[in-house]
Ligand SMILES: C[S@@+](CC[C@H](N)C(=O)[O-])C[C@H]1O[C@@H](n2cnc3c(N)ncnc32)[C@H](O)[C@@H]1O
């Protein structure tokens, strides 16, 4: 199936509310566990000096989980949509885990405009994460240039995203399954996201062709991809 890009930022209020109200916690917890297992295998432990950055953080689902899992680190969620950042700040303010989220901050910025000399990024980034972001980015170069410019040789990258279905029929089947659980706005967004997603081959080829061989891609189940490693 040909890729059909979608708008990068999720800026409409209804779209933000629909996304925020959905429960994606199973996949989110899996991602945190995968990162934790990777750290365990590599004998990495995070502490006070470490900064975790969540790119395209949306309403903060992953950022909050990162902040709770690694309470001694600083966690920074970044999203280019003001509505999403407002929602993330709101979610933090009403969280029952509020006391555990003191290490979490948000900034509103397009990932293409983040400067590694931003005062909030004074520390080197130890963990650079994104979930469901890559497919929003129109050109893959923009995504990889961003992670390259934000990473140092100690930065572990972990980026999970949807995998583009093989054909329109499969995309429509997934859309149909989604519609049984979620409202029309979220279902249409999900379908647009499936069509905008990249394939394993596209990501792998980009990595090979652009001197990023310390990164790797693996397929998680039938519908997800994870780009991980160092840049
Ligand atoms: C599908 S949501 C995922 C949110 C969150 N990561 C999660 O897992 O719940 C994608 C988010 O990426 C943000 N985004 C897309 N393109 C972006 C860009 N170029 N710069 C910053 N944020 C971007 C959107 O505004 C949206 O909030």
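The values are calculated or read from the model by the stated rules, or taken from the named source; none is laboratory data. Values in this document were obtained by computation on a predicted structure and should not be read as measured data. Positions of Cβ are backbone-derived with ideal geometry, glycine not excepted, and every protein chain shown enters the neighbour counts.
Observations
- The condition of being touching a residue at least 24 places away in the same chain (Cβ under 8 Å) and near the ligand (Cβ under 9 Å from one of its atoms) holds for only one of 55, 66, that being 55.
- Condition check for residue 82: surrounded by fewer than 14 Cβ atoms within 10 Å (Cβ to Cβ), within 15 Å of the ligand (Cβ to nearest atom), modelled with pLDDT of 95 or more and more than 15 Å from the chain's Cα centre (by Cα): yes
- On inspection, residue 117 qualifies as away from the ligand (no atom under 14 Å from the Cβ) and at pLDDT below 95.
- Unique match (being under 16 Å from the mean Cα position of the chain (by Cα), within 14 Å of the ligand (Cβ to nearest atom) and on the phi > 0 side of the Ramachandran plot) among 193, 132: 132
- For residue 74, the stated conditions hold: it is more than 14 Å from the chain's Cα centre (by Cα), surrounded by 16 or more Cβ atoms within 10 Å (Cβ to Cβ), more than 12 Å from the ligand (Cβ to nearest atom) and more than 22 Å from residue 197 (Cβ to Cβ).
- Hits in region 9-25 (condition: more than 17 Å from residue 178 (Cβ to Cβ), within 11 Å of the ligand (Cβ to nearest atom) and over 14 Å from the mean Cα position of the chain (by Cα)): 11, 12, 16
Residue by residue, here is whether (1) surrounded by fewer than 18 Cβ atoms within 10 Å (Cβ to Cβ); (2) more than 23 Å from residue 12 (Cβ to Cβ); (3) within 12 Å of the ligand (Cβ to nearest atom) holds:
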{"site": "109", "(1), (2), (3)": "yes, no, yes"}
{"site": "127", "(1), (2), (3)": "no, yes, no"}
{"site": "150", "(1), (2), (3)": "no, yes, no"}
{"site": "159", "(1), (2), (3)": "no, yes, yes"}
{"site": "179", "(1), (2), (3)": "yes, no, no"}
{"site": "197", "(1), (2), (3)": "no, no, yes"}
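- Among the residues listed as 213, 149, the single one being assigned to a helix (DSSP H, G or I), at pLDDT below 95 and over 20 Å from residue 25 (Cα atoms): 149
- One residue from 6, 48, 28 being farther than 21 Å from residue 76 by Cβ and either within 14 Å of the ligand (Cβ to nearest atom) or not in a helix (DSSP H, G or I) (or both): 6
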